[in-house]
Amino acid sequence: MLKTFSITDIGRKRKLNQDYVYSCEQPIGNLPNLFLVADGMGGHNAGDYASKYTVETIVEEISRSFEKNPVRILQKAIEKANTHIREKAMEEEALAGMGTTVVAATCMGKYLQVANVGDSRLYVVNDKITQITRDHSLVEEMVRMGGIDRESARNHPDKNIITRAVGAQDTVEVDFFSVELSVGDIVLMCSDGLTNMLEDEEIRMILSGQRDIVEKAEELIKAANNNGGKDNIAVIIIEPFADEVKE
């Protein structure tokens, strides 16, 4: 049985919450369930508009999609959101330049299908923590090219510069991942407001330590805020086999 909990927090430094989450354990269109995290960017309220509008568009597109393949369903929905955001940004001056990250997931039996644009993340956590998505960020490119190491990347001054976003270009390139899940796995989806404040191992410890799914999420938010809370924080936790016991 699937157990989930989602939460966002404004953090300690921001005046607006530009993170937006969506969580539905019931079927939407041809997907058995749907989880989304979006971290908007843009001046004034353009960022929160971008994240909310993108999520709403994706949900609407999926609900009426005739596609059967989850990758095609997610891809078309994200592409449509990209088009909508571009159009809105051109119509209204206040929304010019807005964009958003998006990470989407659907649990299909023991498989998790993931789509990603930007630097919000999806992890699978068990005895270890594994980042499934790859950040579309300047610093991640530098790490990949061997320019800097992982440790320097964490505190790099340009770490907030992302190389892909919904709304940034006329077309959007989406990464897809398929993960086989095991009993005991916890899926974590989050914005960089969490991962910039906490090391992966700290996240794993919190997810392993707290008993209840709500406590796990609240502890993550609390720890990120205690470490500075420099950005909005979005968290979705999914326990795909909540009532099954590890052999």
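The values are calculated or read from the model by the stated rules, or taken from the named source; none is laboratory data. Only a predicted model underlies this, so the values are computations on that prediction, with no experimental measurement involved. Ideal geometry is used to build each Cβ from the backbone, glycine not excepted, and the neighbour counts take in all protein chains shown.
A few remarks follow.
- Some residue of the stretch 66-85 being acidic (D, E), assigned to a helix (DSSP H, G or I), loosely packed, with under 15 Cβ neighbours inside 10 Å and modelled with pLDDT of 95 or more: no
- Some residue of the stretch 219-226 being of a type in the set (K, R) and modelled with pLDDT of 95 or more: yes
- For the stretch 100-122, the tally of residues that are over 20 Å from G167 (Cα atoms), touching a helix residue (DSSP H, G or I) at 6+ places or on another chain (Cβ under 8 Å) and surrounded by 22 or more Cβ atoms within 10 Å (Cβ to Cβ) stands at 1.
- Residues in the stretch 1-16 that are buried (at least 19 other Cβ atoms within 10 Å of the Cβ) and over 28 Å from A242 (Cβ atoms): G11 alone.
- Residue within the stretch 35-54 that is in contact with an Asp or Glu (Cβ under 7 Å, 6 or more places away or on another chain), part of a helix (DSSP H, G or I) and either of a type in the set (V, I, T) or free of Cβ contacts under 8 Å to residues at least 12 places away in the same chain (or both) present: no
For every residue, the table says whether it meets (1) under 17 Å from K80 (Cα atoms); (2) touching a Gly at 6+ places or on another chain (Cβ under 8 Å); (3) not acidic (D, E).
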{"site": "P27", "(1), (2), (3)": "no, no, yes"}
{"site": "G40", "(1), (2), (3)": "yes, yes, yes"}
{"site": "K52", "(1), (2), (3)": "yes, yes, yes"}
{"site": "V55", "(1), (2), (3)": "yes, no, yes"}
{"site": "E60", "(1), (2), (3)": "yes, no, no"}
{"site": "S65", "(1), (2), (3)": "yes, yes, yes"}
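- Any hit, the stretch 231-245, residues being closer than 20 Å to V37 by Cα, small (G, A, S), within 18 Å of the chain's Cα centre (by Cα) and not in a strand (DSSP E or B): no
- When the test is whether a residue is closer than 24 Å to S51 by Cβ and either in contact with a helix residue (DSSP H, G or I) (Cβ under 9 Å, 6 or more places away or on another chain) or in contact (Cβ under 8 Å) with a residue 60 or more places away in the chain (or both), I206 does not pass it.
- Residues considered: I62, I58, I10, I73. Of these, the only one that is of a type in the set (A, V, I, L, M, F, W, C) and under 14 Å from the mean Cα position of the chain (by Cα) is I58.
- The residue pairs whose first member lies in the stretch 126-137 and is within 17 Å of Q113 (Cα to Cα) and modelled with pLDDT of 95 or more, whose second member is in a strand (DSSP E or B) and hydroxyl-bearing (S, T, Y), and whose beta carbons are closer than 9 Å, counting only pairs six or more residues apart or on different chains, are T130/Y123; Q131/Y123; I132/Y123; T133/Y123.
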